[in-house]
Each structure stands twice: as C-alpha cells, then as structure tokens.
Amino acid sequence: MPLYPMSLNWSDWFSRDPASTRFATHEALYEGLKDEDNEAILYAQLKVLPMVKKLTVEYGLPTEQVDDILDQSTLILLRKISDGSYQFQNYAPTTYFIEIARRVALMATRSLKKRTQALDKVPETSDPDYSAFLQHEEAAEIVKLLLDKLGPPCDQLIRLYHIDGLSDEEVVQEQLTRYSNTDSLKATRSNCMKKLTQLAQEWKTLTNI
C-alpha cells in the first residue's frame with residue numbers, strides 16, 4: 001500500500017485543488033516538498049509517474065511494483081531534502097526524483113534477478129553511438145559512477161537526453177535545466193560528452209578493461 005497520497009483518485013485531486021498553480025515554479029515545488037506538504041508530494045508523484053511506469057517496463061519489473069518504487073523514491077527524496085544533501089538548484093525537483101526512482105528500480109531488478117556484470121561486453125567509449133553505451137544494462141553502474149564524477153550540469157544533461165530519451169525541445173519546454181534554448185543546451189552537452197569520453201578512457205586504463 002502506498003505510503004504517500006498515491007492512493008488518492010487523480011481526478012478527485014485535480015477537481016479539488018489547484019496544485020498546478022501552487023507549484024507552478026520549480027522553487028515552489030521544492031519548498032512544498034521540503035515542508036512535506038501532501039499536495040506537493042502528490043503533485044510531484046503525478047509528474048514522475050509516467051517515467052516510473054516506463055522504468056518498470058525497461059527493467060522488466062512487475063507492474064505492481066510501480067507503487068513500491070514510487071513510495072521508496074518519495075521517502076528517499078524527502079530524506080535528502082531534509083538532511084540537506086539535495087538543495088534547490090534552479091531546475092525541476094522532479095528531475096532529481098526520476099533519478100532516484102531509476103536507482104530504486106535498478107536495485108529492485110537486482111534483487112529480482114541475480115545478474116552479474118559482463119564488463120567485457122561494454123562497448124568502446126569511442127563508439128559514436130553514445131546512447132547504446134549509456135543504455136547498456138551491464139554498464140549501468142559504471143555509467144552512474146562516471147556521471148556522478150562529472151557532476152552538474154553534465155550528469156543531468158546527459159541523463160535527460162541519452163537515458164531518459166527526452167528531446168532538447170522537451171527539456172527546454174519543461175524547464176528541466178537552466179538552459180532556455182536548444183542551442184546552448186546542445187553546445188554544453190557536446191562538451192560534457194567529450195569529458196565523459198575522457199573519463200571513460202581513463203577508467204578503462206586504470207582498470208585494464
């Protein structure tokens with residue numbers, strides 16, 4: 001059973017509360033989550049629900065695990081806001097929410113299926129098909145480490161495009177980053193990919209893979 005307001009009927013909620021107005025800005029939503037406002041939590045859950053459903057399909061998880069993944073991700077998000085490890089950085093809190101859900105889904109997959117990583121199957125990072133590299137299942141942890149090492153804004157830009165599959169137009173329109181046009185977004189991501197490739201090459205040298 002969901003720990004947070006997921007059990008409420010979406011249509012009832014929409015008809016009774018103008019949350020889309022209350023949390024129209026990223027900062028307003030962040031503050032609502034910081035206060036553990038149930039309406040803010042529900043609003044954020046609604047925004048990320050389609051992606052959580054998509055993640056369960058991509059990771060081969062049962063559909064009944066959607067609520068569990070959403071609840072666990074919600075608790076982690078609220079805890080990170082509470083302890084200060086996640087602070088508002090002018091982009092959508094739902095972007096961070098999705099990243100948490102992705103990791104929760106990955107852990108659920110590992111507990112469901114005892115998989116071992118096959119590092120010898122990881123494509124060369126010089127391969128121009130970066131999407132294939134980033135989506136390669138056995139490389140998930142390596143990619144996570146490399147992206148964490150890159151830090152913002154590179155980790156976010158790469159995840160949104162190559163992992164979440166969002167177009168540059170969608171990212172700009174939804175204001176998921178601080179970039180207001182696709183040109184600056186693409187230019188920055190291009191530089192980020194160069195840094196990622198360099199990091200990956202250094203990692204392969206150090207690990208003799």
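From the list 71, 67, the lone residue that is within 16 Å of the chain's Cα centre (by Cα), of a type in the set (D, E, K, R) and open to solvent by less than 60 Å² (accessible area, probe 1.4 Å) is 71. Residue count for the range 1-45 under the criterion of being under 17 Å from residue 75 (Cβ atoms), among the aromatic types (Phe, Trp, Tyr) and either open to solvent by 70 Å² or more (accessible area, probe 1.4 Å) or at pLDDT below 50 (or both): the result is 0. Scanning the range 143-180 for residues that are of a type in the set (A, V, I, L, M) and in contact (Cβ under 8 Å) with a residue 60 or more places away in the chain returns 160, 163, 176. State yes or no: is residue 119 open to solvent by 90 Å² or more (accessible area, probe 1.4 Å) and at pLDDT below 80? Spelling it out, it is not the case that residue 119 is open to solvent by 90 Å² or more (accessible area, probe 1.4 Å) and at pLDDT below 80. Restricting the range 74-97 to residues that are open to solvent by 60 Å² or more (accessible area, probe 1.4 Å) and of a type in the set (Gly, Ala, Ser) leaves a set whose member that is modelled with the highest pLDDT is 82. Scan the range 53-76 and report the pairs whose first residue is in contact (Cβ under 8 Å) with a residue 12 or more places away in the chain and whose second residue is among the aromatic types (Phe, Trp, Tyr) and in a helix (DSSP H, G or I), with Cβ atoms within less than 7 Å and a gap of 6+ or a chain change. Hits for this filter: 73/97.
The values are calculated or read from the model by the stated rules, or taken from the named source; none is laboratory data. For clarity, every value in this text was computed on a predicted model and none was experimentally measured. All Cβ positions, glycine included, derive from the backbone under ideal geometry; neighbour counts span all protein chains shown. The protein model used for the area step is the full one, side chains on, heavy atoms only, and it has no ligands, DNA or RNA in it. Shrake-Rupley method; radii C 1.70, N 1.55, O 1.52, S 1.80 Å.
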